[in-house]
Amino acid sequence: MVIPEYGLHIGATAKAALLSQLRRDVSLLIDCGVMDYSLLVGVVDMDAHYFGEESVRTFEVSRQHEMKIREERHRRHGKGGLGRGIMSSLAAPIRILGAPAVLFGSRAVSLLESTLSTILTWPYPYYGAGICGVDGGLLSVMQGKRNGNKAVFYFGLIDFLQPWTTRKVLERELKGVMGYDKTAISCVDPADYATRFLEFVDAHVS
């Protein structure tokens, strides 16, 4: 099978499962009379080199710039007295000795926050299952490929609170009078919007 250069690639089986779930989701949204929603996709490129040569070069430039600033400060305050020199020399050892306590404290605070978050928000679903233990669903996270690289995709329907109202009907008709293609704009009735939404996902996921 030839994989196109655009879109998301999760395999035929995963795609069928995703579309089946989305059909059930949009069926509910049609019954609720809402439209103008979107499929939010988060992408984690598993083959990316986040700390490549360019990142190292950027870090080195930043480090050299910081050293120049410190030298300038030292030149300006070189005769600041013995007390300032002693405090400056002791600052690094103090930070090193205090690092374990700071790390332990930050870990404890993070654990407490995640525990309280889980208790206070249960059973409402939201992303962050790796931290709080709340799962977004079996099909909310999938593995696949994008642009030839291994990737992990995070899916979620968003912006599903816009009802199909008289105002939206008038907006569609007005845009039609202005020359817009009424089948291509976002202002369409929920059934037509759902059909177009599913066709788009079907065309861009393989």
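The HN-Hα couplings worked out from phi for the stretch 143-150 by the Karplus form 6.51 cos²θ - 1.76 cosθ + 1.60 (θ = phi - 60°) are 9, x, 9, 8, 6, x, 9, 5 Hz, whole numbers, x standing for Gly and Pro. Sorting 147-153, 189-195 by their mean Cβ neighbour count within 10 Å, with the most densely packed peptide first, gives 189-195, 147-153.
Applying 0.36 nm per residue to the separation of S110 and S38 and subtracting their alpha-carbon distance, the gain on full extension is 22.7 nm.
Given R0 = 35 Å, the distance between the Cβ atoms of V177 and Y154 translates into a calculated FRET efficiency of 0.30. Peptides 158-165, 172-179, 28-35, 97-104 ranked from most to least packed give 28-35, 158-165, 172-179, 97-104, packing being the mean of other C-beta atoms within 10 angstrom over each peptide's residues.
Values quoted throughout were computed directly from the atomic coordinates according to the rules given, and no laboratory measurement underlies them. Everything numeric in this text was worked out from a predicted model, so none of it was measured. Neighbour counts are summed over all protein chains in view; Cβ atoms, including those assigned to glycine, are modelled from backbone coordinates with ideal geometry.
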